[in-house]
Ligand code: BG6
């Protein structure tokens, strides 16, 4: 067998990402109602999410900047509470908004990649059914996805179902539910099962309604390395990796519960998923066309003695997360690990043999404008080191069809509002919500423009 020295494929989807609740603003405009995510970001000391990056009013300007950057793809999310504000009745203005976004993308020759659920469960459904704890929310999601496929199916050919069910499960709370953490922890397997069913129904519906479209899940994969070569640490890393990655991939992609892990949760007092007749068949028979992966960092784990007090990311007798001395970290303590992205791509490709797309990858920083410039050389370094590893994964045989950095615009981070910036485009906005919303291309925007122009050839 000959190893082909492949570069990025000619039709590689160079793209950039945002999500609705983090970028659109206009939380209560033109018929939109609140989502649970809108409430969880409405925190003291955080930017007013009814403004955020104001993509809702700036979409033309923003897509023009995407076009000038040379983007081939744009990953955004369709806001459920904008399209079906009360979870039942269609809001024509919401549908219209996304048609206008799609018009701009079409005119710019940019392929839309649309996420169906990026944490924004309509608050009305949370109040009515208790959110994802109830099977009624699965049905409500089916009504929403059907409407999206009917409306946008001729225009969008790549759909992503649910953003990071794994991260929601591990880190908890928002996007899943508004209840306190204890209540959330007790019910998380139930909610995750409902997520998986909602995903599976969306896959089947998409295949029936738009046979020429592709649909798949989005995982937030965090590779786990052992702290040392001591077999106890190696096993600890495997345990954590199975719990935070493989468990979800097996469920969403193979329709299989890893029983060992379910038993662990049962021992911890977590309610078992309510698996009804037909559920596992549905999960098994809904075959994704591709897999989207979000990658930011890796974790490192060591064995943890049984007498250690339990804590987040520490399971006594199994693993605890620890510092990786060989890696540097972002200002928020996330390990910077470019090789981890290749590790992830190879691992997922080897196990599922599906085309892959990076739906998020990026580095946050505190940033200021100096003389009308943002010199984010650290971001250029971060992105290029990760892309070099993506290229190597392609050379090693992984079918990687695209890469979208997170994020195109500065937007609300999940926990730190506007002080944690990821964008290629700076937005004059802050946690006091007093910014002018002016857009300024950062140096990373120009770097990416150049890279796209030569199809990654200058890496
Ligand atoms: C991903 C999410 O987990 O990470 C995004 O899909 C999020 O919505 C991103 O913004 C970065 O996380 P954070 O917490 O820094 O905003």
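The values are calculated or read from the model by the stated rules, or taken from the named source; none is laboratory data. Everything numeric here is computed off the predicted structure, so don't read it as measured data. Virtual Cβ from ideal backbone geometry, glycine too; neighbours counted across all protein chains shown.
Determine the pairs where a residue that is farther than 14 Å from residue 362 by Cα, located within segment 417-428, has a partner that is within 15 Å of the ligand (Cβ to nearest atom) and not in a loop (DSSP other than H, G, I, E, B) with Cβ atoms under 7 Å apart, the partner being 6 or more residues away or on another chain.
Matching pairs, first to second residue: 427/409.
Can you report the number of residues in segment 162-180 which are in a loop (DSSP other than H, G, I, E, B) and either at pLDDT 80 or above or surrounded by 21 or more Cβ atoms within 10 Å (Cβ to Cβ) (or both)?
5
Could we say that residue 81 is touching a strand residue (DSSP E or B) at 6+ places or on another chain (Cβ under 7 Å), over 15 Å from residue 198 (Cα atoms), in a loop (DSSP other than H, G, I, E, B) and touching a residue at least 24 places away in the same chain (Cβ under 8 Å) here?
Details: touching a strand residue (DSSP E or B) at 6+ places or on another chain (Cβ under 7 Å): yes; over 15 Å from residue 198 (Cα atoms): yes; in a loop (DSSP other than H, G, I, E, B): no; touching a residue at least 24 places away in the same chain (Cβ under 8 Å): yes.
No; evaluated as a whole, the condition is false for this residue.
From 33, 39, which residue is at pLDDT below 95, more than 30 Å from residue 291 (Cβ to Cβ), in contact with a helix residue (DSSP H, G or I) (Cβ under 8 Å, 6 or more places away or on another chain) and surrounded by 15 or more Cβ atoms within 10 Å (Cβ to Cβ)?
That would be 39, the only listed residue that is at pLDDT below 95, more than 30 Å from residue 291 (Cβ to Cβ), in contact with a helix residue (DSSP H, G or I) (Cβ under 8 Å, 6 or more places away or on another chain) and surrounded by 15 or more Cβ atoms within 10 Å (Cβ to Cβ).
Which number in (1) within 24 Å of residue 153 (Cα to Cα); (2) part of a loop (DSSP other than H, G, I, E, B) marks the one condition that residue 53 misses?
For residue 53, the exception is condition (1).
Pick out the one residue from 354, 345 that is farther than 30 Å from residue 435 by Cα, in a loop (DSSP other than H, G, I, E, B) and in contact with a strand residue (DSSP E or B) (Cβ under 9 Å, 6 or more places away or on another chain).
Checking each option against the conditions leaves just 354.
Taking only segment 441-458 into account, find how many residues are farther than 13 Å from residue 71 by Cα and surrounded by fewer than 16 Cβ atoms within 10 Å (Cβ to Cβ).
Total meeting the criteria: 3.
Against the condition away from the ligand (no atom under 16 Å from the Cβ), part of a loop (DSSP other than H, G, I, E, B), closer than 21 Å to residue 164 by Cα and in contact with a strand residue (DSSP E or B) (Cβ under 9 Å, 6 or more places away or on another chain), how does residue 411 come out, does it pass?
Details: away from the ligand (no atom under 16 Å from the Cβ): no; part of a loop (DSSP other than H, G, I, E, B): yes; closer than 21 Å to residue 164 by Cα: yes; in contact with a strand residue (DSSP E or B) (Cβ under 9 Å, 6 or more places away or on another chain): yes.
No: the conditions fail for residue 411.
Give segment 303-338 a look and list any residue that's over 29 Å from residue 265 (Cα atoms), more than 16 Å from the ligand (Cβ to nearest atom) and assigned to a strand (DSSP E or B), or say none.
If the condition is that a residue be over 29 Å from residue 265 (Cα atoms), more than 16 Å from the ligand (Cβ to nearest atom) and assigned to a strand (DSSP E or B), then 328 is the only one that fits.
Within segment 253-264, take every residue that is touching a residue at least 40 places away in the same chain (Cβ under 8 Å) and in contact with a helix residue (DSSP H, G or I) (Cβ under 6 Å, 6 or more places away or on another chain) and give me the one that is surrounded by the fewest Cβ atoms within 10 Å (Cβ to Cβ).
Per the criteria, the residue is 255.
Does residue 190 fit the bill of being touching a residue at least 40 places away in the same chain (Cβ under 8 Å) and assigned to a helix (DSSP H, G or I)?
Yes.
Looking at segment 274-290, can you tell me whether even one residue there is modelled with pLDDT under 95, more than 18 Å from the chain's Cα centre (by Cα), away from the ligand (no atom under 16 Å from the Cβ) and more than 26 Å from residue 406 (Cβ to Cβ)?
yes
Looking at (1) closer than 28 Å to residue 49 by Cα; (2) modelled with pLDDT of 95 or more; (3) out of contact with any helix residue (DSSP H, G or I) (no Cβ under 9 Å at 6 or more places or on another chain); (4) buried (at least 20 other Cβ atoms within 10 Å of the Cβ), can you tell me which one residue 429 breaks?
(2)
State all residues of segment 218-241 that are more than 16 Å from the ligand (Cβ to nearest atom) and either in a helix (DSSP H, G or I) or within 19 Å of the chain's Cα centre (by Cα) (or both); if no residue qualifies, say none.
Passing the criteria: 224, 231, 232, 233, 234, 235, 236, 237, 238, 239, 240, 241.
Those residues that are crowded, with 24+ Cβ neighbours inside 10 Å and either without any contact (Cβ under 8 Å) to a residue 24 or more places away in the chain or part of a helix (DSSP H, G or I) (or both), I need them from segment 116-130; list them, please.
125 - this is the single residue of segment 116-130 that is crowded, with 24+ Cβ neighbours inside 10 Å and either without any contact (Cβ under 8 Å) to a residue 24 or more places away in the chain or part of a helix (DSSP H, G or I) (or both).
Mind checking whether some residue in segment 107-128 is on the phi > 0 side of the Ramachandran plot and either in contact with a strand residue (DSSP E or B) (Cβ under 6 Å, 6 or more places away or on another chain) or at pLDDT 95 or above (or both)?
The answer is yes, given that some residue of segment 107-128 is on the phi > 0 side of the Ramachandran plot and either in contact with a strand residue (DSSP E or B) (Cβ under 6 Å, 6 or more places away or on another chain) or at pLDDT 95 or above (or both).
What are the pairs, 6+ residues apart or on separate chains, where a residue within segment 149-168 that is farther than 27 Å from residue 107 by Cα and away from the ligand (no atom under 16 Å from the Cβ) has its Cβ under 7 Å from a residue that is modelled with pLDDT under 95 and not in a helix (DSSP H, G or I)?
No pair meets every condition.
Checking residue 88 against (1) loosely packed, with under 15 Cβ neighbours inside 10 Å; (2) farther than 30 Å from residue 130 by Cβ: exactly one of these is not met. Which one?
(2)
Checking residue 375 against (1) away from the ligand (no atom under 12 Å from the Cβ); (2) not in a loop (DSSP other than H, G, I, E, B): exactly one of these is not met. Which one?
Status for residue 375: all satisfied but (2).
Can you tell me which residues in segment 414-433 are within 11 Å of the ligand (Cβ to nearest atom) and part of a strand (DSSP E or B)?
Result: 417, 421.
Considering each of 159, 141 in turn, give the residue that is closer than 20 Å to residue 86 by Cα and at pLDDT 95 or above.
141
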